[in-house]
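Student: Supplied in structure tokens, the structure appears directly below.
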Amino acid sequence: MTKQKSQYTRTISPKLGILGILGFVGVAGFLPKIYHITEILPTPTFFFFFAFFGFFGFYYEGKMSHTLMDERFQANAYRAMAIANKFALTLILAAAILSMSVLRLEAYDMLALLIAVLGLAFGLSIFLQQYLLYRFENEE
Amino acid sequence: MPDFESNLKKYRQLAGLTQEELAQRVGVRRETIVRLEVAKYNPSLKLAVDISRAVGAPIEEIFVFES
């Protein structure tokens, strides 16, 4: 027996969007630089916490709780996903190219920047998908 | 999105259906019907056929595309 896929969006509270505040933990990635302990390589991994900014998207997803996913909703979801992913990939690519060329960063700074940008781009992509979908659904 | 003219409101009213009733019959949200009536959403062929059957009018009369 195959599981029937729900025709409606999941029901969640917009208040869950507050979890996006966890993204600010990513600022802790600057601590090794401030306290001059940059020789310990794994420390900038705190920058990955920027990905939690994506949880701000729960606010918009919550507002669209239990919505019938008809063809217009799906078309808007694909459109939002395409724009969000394009934006995130451009950000990653730009950071990677700039860090190797114009910025001429040292290896540690380059690593920190790329980890931060990866986390931020992931969070931004998740957030933008929900935000843009909400905008497209409610535009006049 | 190609520009088109929508006569859905006229044919829906002729069929004696509310937006909500039509939405339920064709399996979409009322908001989608609203956007179809003001030609702000280009429906798929399946939805257009379902609407045509629900209101009892030909597709080309409900959605008029410039040739």
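The values are calculated or read from the model by the stated rules, or taken from the named source; none is laboratory data. Remember, it's a predicted structure, so these values are computed and weren't measured experimentally. Methodologically, a virtual Cβ is constructed for each residue, glycine included, from the backbone with ideal geometry; neighbour enumeration extends over all protein chains shown.
Student: When you go through B:Val28, B:Val64, B:Val38 one by one, which is the residue that is surrounded by fewer than 19 Cβ atoms within 10 Å (Cβ to Cβ), of a type outside the set (D, E, K, R) and closer than 25 Å to A:Thr67 by Cα?
Tutor: Numbers: B:Val28 fails: surrounded by fewer than 19 Cβ atoms within 10 Å (Cβ to Cβ); B:Val64 fails: closer than 25 Å to A:Thr67 by Cα.
Result of the check over B:Val28, B:Val64, B:Val38: B:Val38.
Student: Which pairs have Cβ atoms under 9 Å, sit 6 or more apart or on different chains, and link a residue in the stretch B:42-64 that is more than 16 Å from B:Phe4 (Cβ to Cβ) to one that is of a type in the set (Lys, Arg)?
Tutor: B:Asp50/B:Arg25; B:Arg53/B:Arg25; B:Ala54/B:Arg12; B:Ala54/B:Arg25; B:Val55/B:Arg12
Student: Here's a follow-up. Which of the residues belonging to the stretch B:34-67 are within 16 Å of A:Gln74 (Cα to Cα) and more than 10 Å from chain A (Cβ to nearest Cβ)?
Tutor: The answer is B:Leu45, and nothing else.
Student: Continuing with this model, one more query. When the stretch B:5-39 is examined, which residues are found to be touching a strand residue (DSSP E or B) at 6+ places or on another chain (Cβ under 9 Å) and of a type in the set (D, E, K, R)?
Tutor: Those that are touching a strand residue (DSSP E or B) at 6+ places or on another chain (Cβ under 9 Å) and of a type in the set (D, E, K, R): B:Glu5, B:Arg29, B:Glu37.
Student: Here's something else I'd like to know. Of these, B:Glu5, B:Glu20, which one is at pLDDT below 95 and either within 14 Å of chain A (Cβ to nearest Cβ) or surrounded by fewer than 18 Cβ atoms within 10 Å (Cβ to Cβ) (or both)? Working first, answer last.
Tutor: On the way: B:Glu20 fails: at pLDDT below 95.
Checking each option against the conditions leaves just B:Glu5.
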